[in-house]
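Here the structure is laid out as structure tokens; the discussion comes afterwards.
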Amino acid sequence: MEIINPEKLLLKVAPILDEFEIDYYITGGFAVSVWGRPRATFDIDIVINLLEPKVKPLVEALRKISKYGYIDEESAKEALKRKGEFNFIDPETGLKVDFWITKGNKTAKTEFGRRVAKKVGDQKVYFISPEDLILNKLIWYEKSGGSSRHIEDVESVFKISSEKLDKTYLKKQAAKLGVAKQLKRFL
């Protein structure tokens, strides 16, 4: 098994999402590496706005990435129903793509509206904004019972991207999302 940079797999997945006109953005550790300091990650977290008729073509296209790749169409359909997640696993590279179905609520719509296109290789790839990444990491910190990884990620994004951050938006959204207290320590 060849362990590779997740960027190579991302450059295969992003064009598929574009081809099927599936709105998406990269989040998680890969996004932290874009907005903060690089860190090891063996998965790619992608939030997608997926409609039921696109499930089968998406699954079929992802299967063509690798002859050993694994994705379960029924799991994808179930994730769509419950607004959960499903995975594509590429054993040739040792990497996994976690597809998170957007909740479709006001916060999710705001995040999609604020996503940022970045050049990866010669392709345009959409990433969660650094502010929304921070807010999501603070929410996950709360949900995880205080996982230090999420706080380290927030510190990293503040350290690298602090000058570019929309702090007014951060404060306003943190109050709405119930993480204002956690955000305060970084401002």
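The values are calculated or read from the model by the stated rules, or taken from the named source; none is laboratory data. Small disclaimer: the values here were computed from a predicted structure and weren't measured. Because the Cβ atoms are built from the backbone with ideal geometry, glycine has one as well, and the counts that use them run over all protein chains shown. In case anyone asks, the SASA skips ligands and DNA or RNA and just uses the protein heavy atoms, side chains included. Shrake-Rupley method; radii C 1.70, N 1.55, O 1.52, S 1.80 Å.
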Suppose we keep only residues that are surrounded by 20 or more Cβ atoms within 10 Å (Cβ to Cβ), modelled with pLDDT of 95 or more and of a type in the set (A, V, I, L, M) within the range 1-31. Which one would you say is nearest to S147 (Cα to Cα)?
A31
Among (1) open to solvent by 10 Å² or more (accessible area, probe 1.4 Å); (2) free of Cβ contacts under 8 Å to residues at least 40 places away in the same chain; (3) farther than 30 Å from L58 by Cβ, E142 falls short only on (2)
Any residue that is open to solvent by 50 Å² or more (accessible area, probe 1.4 Å) and either out of contact with any Asp or Glu (no Cβ under 8 Å at 6 or more places or on another chain) or on the phi > 0 side of the Ramachandran plot (or both) - is there at least one of those in the range 127-138?
no
Applying the selection to the range 146-166, what residues are exposed (fewer than 13 other Cβ atoms within 10 Å of the Cβ) and either assigned to a helix (DSSP H, G or I) or in contact with a strand residue (DSSP E or B) (Cβ under 9 Å, 6 or more places away or on another chain) (or both)?
S148, K159, S162, E163, K164
Out of (1) assigned to a helix (DSSP H, G or I); (2) modelled with pLDDT under 95, what's the single condition that is false for L170?
(2)
Could you check the range 80-103 and list, in sequence order, the residues that are more than 16 Å from the chain's Cα centre (by Cα) and small (G, A, S)?
G94
Matching option when the condition is in contact with a helix residue (DSSP H, G or I) (Cβ under 6 Å, 6 or more places away or on another chain) and open to solvent by 40 Å² or more (accessible area, probe 1.4 Å), among E85, E92:
E85
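If only one of P57, P38 is open to solvent by 20 Å² or more (accessible area, probe 1.4 Å), farther than 19 Å from W140 by Cα and assigned to a helix (DSSP H, G or I), which one is it?
Within the list P57, P38, the selection yields P57.
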